[in-house]
Ligand SMILES: [Zn+2]
């Protein structure tokens, strides 16, 4: 009886593996989604470990640095087994440096498929403008300029005391619209937009849900 059960279990597993193998071989889209599901499963397993990660509650800077090195060694050893493929991003995203914003959760796996530029308050200073222009020269066809709800940098700009403490950030935040207009007017960007080879979108991220809200701009 037990032997028959094992036999059927083995047959079922082999059949499922064969079907999965055929489906995966036929559908890159399915492989992409399945990989995303596994990545998300990993995130969910780690979500409640925020006090464990790097043991940062009571750790010294040196201990955190050593933990980073150990984690890098572990990650690099996995990379040794699975050599990196080369991707050519067609999307560039400007996002706030706020750690709650996870670009991978916004649009899926962002390790190599997107150029990500992160600054406090999603500031677009001339340096970031050059970075995004470089991305366009490297083949990017869609740029997404984001902001997000509950942004600490925006709160700084709204606070008379903190404005004096962070004058550079505030100055750039106050000029956001002007800087975006300047970016769109850069010859390479302006020409790519005019030829229909580039789109620039504005989006506001709901920090609590990662959902991208339509921007009024
Ligand atoms: Zn922010």
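Data overview
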quantity: Matching option when the condition is modelled with pLDDT under 80 and farther than 30 Å from residue 66 by Cα, among 37, 17; calculated: 17
quantity: Only listed residue being within 16 Å of the ligand (Cβ to nearest atom), surrounded by fewer than 12 Cβ atoms within 10 Å (Cβ to Cβ) and under 27 Å from residue 172 (Cβ atoms), chosen from 120, 99, 95; calculated: 99
quantity: Qualifying residues in the range 186-216 (those that are in contact (Cβ under 8 Å) with a residue 40 or more places away in the chain and part of a loop (DSSP other than H, G, I, E, B)) - the one surrounded by the fewest Cβ atoms within 10 Å (Cβ to Cβ); calculated: 208
quantity: Among the residues listed as 135, 104, 127, the single one being within 24 Å of residue 43 (Cα to Cα), assigned by TED's automatic domain parsing to the domain that holds residue 184, in a helix (DSSP H, G or I) and away from the ligand (no atom under 16 Å from the Cβ); calculated: 104
quantity: For residue 79: the one exception among (1) over 23 Å from residue 44 (Cα atoms); (2) loosely packed, with under 12 Cβ neighbours inside 10 Å; calculated: (1)
quantity: Residue in the range 82-92 that is modelled with pLDDT of 85 or more, within 27 Å of residue 201 (Cβ to Cβ) and within 16 Å of the ligand (Cβ to nearest atom) present; calculated: no
quantity: Residue that is farthest from the chain's Cα centre (by Cα) [pool: residues in the range 102-115 that are more than 16 Å from residue 140 (Cα to Cα) and crowded, with 18+ Cβ neighbours inside 10 Å]; calculated: 106
quantity: Hits in the range 137-171 (condition: over 23 Å from the mean Cα position of the chain (by Cα) and surrounded by 15 or more Cβ atoms within 10 Å (Cβ to Cβ)); calculated: 156, 157, 162, 163, 166, 170
quantity: Candidate set: the range 141-185, residues that are assigned to a loop (DSSP other than H, G, I, E, B) and closer than 20 Å to residue 116 by Cα; chosen: the one farthest from the ligand (Cβ to nearest atom); calculated: 141
quantity: Any hit, the range 82-95, residues being touching a residue at least 40 places away in the same chain (Cβ under 8 Å) and out of contact with any strand residue (DSSP E or B) (no Cβ under 6 Å at 6 or more places or on another chain); calculated: yes
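The values are calculated or read from the model by the stated rules, or taken from the named source; none is laboratory data. Owing to the predicted nature of the structure, the values given are computational and were not obtained by experimental measurement. In this analysis, Cβ positions are derived from the backbone assuming ideal geometry, glycine residues included, and neighbour counts consider all displayed protein chains.
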